[in-house]
Amino acid sequence: MPAELSPRERVLTAMRRQVPDRVPKEWSFTPAVQEEFVRRTGRSNAAEFFGFERRGVGLKGVPQLPDFSPWFPDGSPEGTTFNEYGSGHTPAGFYHFTGRIYPLERARSVRELDEFPWPDYTPEWRHEHLEQHVADLHDGEWLASGGVGHIWETAWQMTRMEKLMQDMALNPPFAGYIFDRIAEDRAFAARRFAEAGADVFHCGDDIGMQDRLMMSPAMWREWLKPRWRRVIKAAKDVNPDILAFYHSDGDVREVIEDLIEIGFDILNPVQPECMDPAELKRRYGDRLAFWGCVGTQTTMPFGTPDDVRQVVRDLMATVGEGGGLLIAPTHVLEPDVPWENIIALFEAVEEYGVY
């Protein structure tokens with residue numbers, strides 16, 4: 001058995017496709033499940049309660065957003081909130097889910113994009129704390145991971161997905177401008193995390209549906225692959241050892257080779273309803289680590305505690321063999337996940353997750 005590792009060492013060893021002392025783990029809750037966690041445990045911090053090994057670092061948000069109202073001539077529903085790119089979340093009345101409104105839905109020209117109040121992440125006050133935050137986490141022996149964000153998702157949430165896909169085909173300068181502005185922001189954040197000494201930077205886009213990509217592989221390779229390559233290069237030029245984490249729900253098998261080629265080290269969340277984690281381990285496990293693999297469409301909401309335990313045993317015997325696995329549900333845990341299954345996941349990782 002490998003010697004006991006610190007939380008940081010455990011994740012780094014696993015994500016570098018080596019054998020740690022035990023498999024690292026992580027999961028997160030939607031608000032309703034967080035309330036249940038507090039009720040059941042009397043605690044507020046799930047990471048501390050369950051012993052997760054990762055801690056996040058990030059750039060600071062702005063104290064006040066720009067006035068996006070000129071970009072919504074029809075107004076916005078009461079209770080709408082906006083992010084820094086002007087994407088609006090509207091109340092939907094069902095748990096934490098929201099509707100959306102899109103600031104660039106009516107925009108057609110590059111001139112309009114020049115006039116848009118794009119965010120600026122470069123002022124020092126937004127990132128000068130990163131070095132100290134990372135150092136503090138390392139002093140506590142935690143893994144420090146920086147959240148870089150998305151390109152595709154941010155873009156379509158500004159324009160509406162149908163419109164962005166039309167613009168990619170019919171108005172390339174317009175779509176290219178949006179992608180480039182967002183990619184520039186992502187590259188800046190990735191570089192700053194590398195400079196600050198972060199161990200991992202998290203980024204990605206939901207480009208997968210249940211059985212295929214949302215777009216053709218050729219379109220992804222034209223529009224998104226080179227921009228993600230730029231983001232990864234910005235970080236790894238500073239620190240070649242920093243690990244790059246790519247997230248996409250759904251079936252992304254058609255571009256996994258491309259993700260590896262441009263420098264991604266970790267694939268998340270590996271939905272077992274869409275891709276076979278054991279098959280991916282066989283094909284790519286010498287070049288890629290896997291973060292996730294426990295189904296939130298199947299096992300966690302609809303399985304029994306014994307089903308959860310069996311999934312953990314199976315993952316350890318397949319994806320976990322030789323390292324390269326962090327066990328996690330493939331998304332935040334929704335209100336239909338029984339508390340007993342959450343406890344079963346924790347207990348199973350504790351029991352079967354030792355190498």
Projecting the Cα atoms of P91, W118, T81 onto the charge dipole of segment 81-141, where Lys and Arg contribute +1 and Asp and Glu -1 at Cβ, the residue farthest towards the positive end is P91
Assigning unit charges at the beta carbon (Lys, Arg +1; Asp, Glu -1) and nothing else, what dipole magnitude in debye, to the nearest 20, does the chain show about its Cα centre? 560 debye
Output ordering of 317-326, 299-308, 260-269 (per-residue mean of other Cβ within 10 Å, highest first) is 317-326, 260-269, 299-308
Pairwise FRET efficiency - V38 versus E112, Cβ, R0 = 51 Å, nearest 0.05: 0.65
Spacing of the two label points (7 Å from each Cα toward its C-beta) at R287 and M161, in nm: 2.8 nm
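Given contacts defined as C-alpha pairs under 8 Å and at least six residues apart, what's the relative contact order of segment 93-218, whole-number percent?
Contact order relative to length: 36 percent.
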GNM on the chain, C-alpha springs below 10 Å: top fluctuator among R17, R106, R192? R106
Cross-link reach from K60 to lysines, straight Cα distance under 27 Å and at least 8 residues apart if same chain, gives K25, K233, K236
Arranged from highest to lowest average of other beta-carbon atoms within 10 Å per residue, in what order do the peptides 35-42, 213-220 appear? 213-220, 35-42
Explain nothing, just compute: Karplus ³J(HN,Hα) = 6.51 cos²θ - 1.76 cosθ + 1.60, θ = phi - 60°, for every residue of segment 348-353 in order, whole Hz, x for Gly and Pro. 5, 5, 5, 7, 9, x
Which of M158, M275 comes first, and how do the rest follow, when ranked by fewest Cβ neighbours within 10 Å? M275, M158
If each part is reduced to its alpha-carbon centroid, segment 168-202 and segment 319-352 end up apart, in Å, by 31 Å
Rounded to the nearest Å, what's the spacing between the alpha carbon centres of segment 74-121 and segment 5-48? Just the number, please. 33 Å
The residues D114, D21, sorted from fewest to most surrounding Cβ atoms within 10 Å, come out as D114, D21
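No lab work stands behind these numbers, since they all come straight from the coordinates. Owing to the predicted nature of the structure, the values given are computational and were not obtained by experimental measurement. No Cβ is skipped: glycine too gets one built from the backbone with ideal geometry, and neighbour counts run over all protein chains shown.
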